[in-house]
Amino acid sequence: MMPTANAALVHLVVPCFNEERRLNTAAFAAALKTMPWLLLCFVNDGSTDNTEALLQAVRRGAPDRVRVLTLPENVGKAEAVRQGLLTTAASADICGFWDADLSAPLTELTALREVLLTHAEFEWVWGARVRSLGRHITRRASRHYLGRLFATVVSISLGVPSYDTQCGAKLFRASPLLRSVIGEPFRSRWIFDVEMLSRASALLQASGLPGVEAVVLEQPLVSWQHQQGSKVGPADFLRALWELSAIRGQRSRWTRVLQDWR
């Protein structure tokens with residue numbers, strides 16, 4: 001059963017590692033004021049700068065709606081997000097994660113949330129960076145073309161027709177499907193989004209249910225702006241290809257995990 005619009009809380013995980021110079025605390029505070037259904041869970045992934053103090057300042061501004069989960073050492077974005085989702089999935093109707101640099105502005109949350117409120121068939125809704133008329137998507141050309149190449153390789157390798165797996169704006173219905181997918185640590189540090197799709201696809205297939213194309217929607221964003229200071233470099237593209245191979249090899253084990261997640 002879908003929650004009503006008023007009751008549908010969104011508990012958003014925001015992974016942070018040394019974000020002192022990029023964290024727009026005012027934008028997060030403003031979103032809390034304009035979105036009464038929004039809860040924030042910042043995951044401080046072993047930062048060595050002043051990130052923790054900034055996050056605690058946001059929490060003090062809305063202590064009932066902001067949580068700071070502090071990890072003692074850096075474990076990488078994949079595990080930081082997983083820990084945040086494990087924490088939030090037990091207490092919200094909808095959870096998700098969002099990149100701390102707000103390349104996708106928090107105003108995009110409303111449209112993604114609306115998909116899950118009005119379409120019972122979808123379990124997950126993921127933002128997609130699609131350049132078209134009327135949309136303001138600004139990416140460096142090298143990132144765009146490498147991203148398109150990687151998406152094509154993912155689609156062919158896993159048989160999942162995804163356009164943009166790596167956009168850091170994603171929401172999930174807090175259902176048994178999500179809890180199954182995040183139940184074990186990810187093998188990947190960089191492309192755990194792909195690993196989530198692969199795990200979900202395997203579980204759905206093993207349960208004899210429709211594939212991920214029936215339960216995951218990629219929603220084109222209206223706005224996305226590349227931010228300086230990204231921690232992902234060109235060499236990580238090659239690392240991502242290696243991790244994709246490992247994810248594909250892991251898939252056969254997941255197809256043996258029979259779980260009734262409905």
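Structure values in brief
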quantity	calculated
With DNA, RNA and ligands ignored, accessible area of residue 224 (1.4 Å probe; Å², nearest 10)	30
Net dipole in debye of segment 97-155 [+1 Lys, Arg Cβ; -1 Asp, Glu Cβ; about Cα centre; nearest 20]	480
DSSP-loop GluC sites (Glu not before Pro) across segment 51-141, with at most 12 other Cβ within 10 angstrom	73, 121
FRET efficiency estimate (nearest 0.05) - Cβ-Cβ, residue 73 to residue 153, R0 35 angstrom	0.65
Taking the C-alpha atoms of segment 1-131, convex hull volume expressed per residue in Å³	115
From the coordinates shown, Kirkwood radius over Cα pairs in Å corresponds to which of [x] 18.7; [y] 18.0; [z] 21.0	[x]
Label-point gap, in nm, between residue 26 and residue 213 - each point 7 angstrom along Cα→Cβ	4.6
Convex hull volume per residue in cubic angstrom - Cα atoms of segment 89-163	146
Inter-label distance, nm, simple model (7 Å from Cα along the C-beta direction), residue 34/residue 57	2.1
Solvent-accessible surface ranking, highest first, for 94, 156 at 1.4 angstrom	156, 94
Heavy-atom accessible area ranking, 1.4 Å probe, most first, across 77, 33	33, 77
Assigned charges on the beta-carbon of Lys, Arg, Asp, Glu; segment 40-147 dipole about Cα centre (debye)	440
Cα-centred dipole magnitude for segment 1-73, charges only on beta-carbon of K, R (+1) and D, E (-1), debye, nearest 20	340
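The values are calculated or read from the model by the stated rules, or taken from the named source; none is laboratory data. Predicted, not measured: the structure shown is a model, and the values here were computed from it. Every residue, glycine as well, gets a Cβ built from its backbone with ideal geometry; the counts of neighbours run over all protein chains shown. In case anyone asks, the SASA skips ligands and DNA or RNA and just uses the protein heavy atoms, side chains included. Shrake-Rupley method; radii C 1.70, N 1.55, O 1.52, S 1.80 Å.
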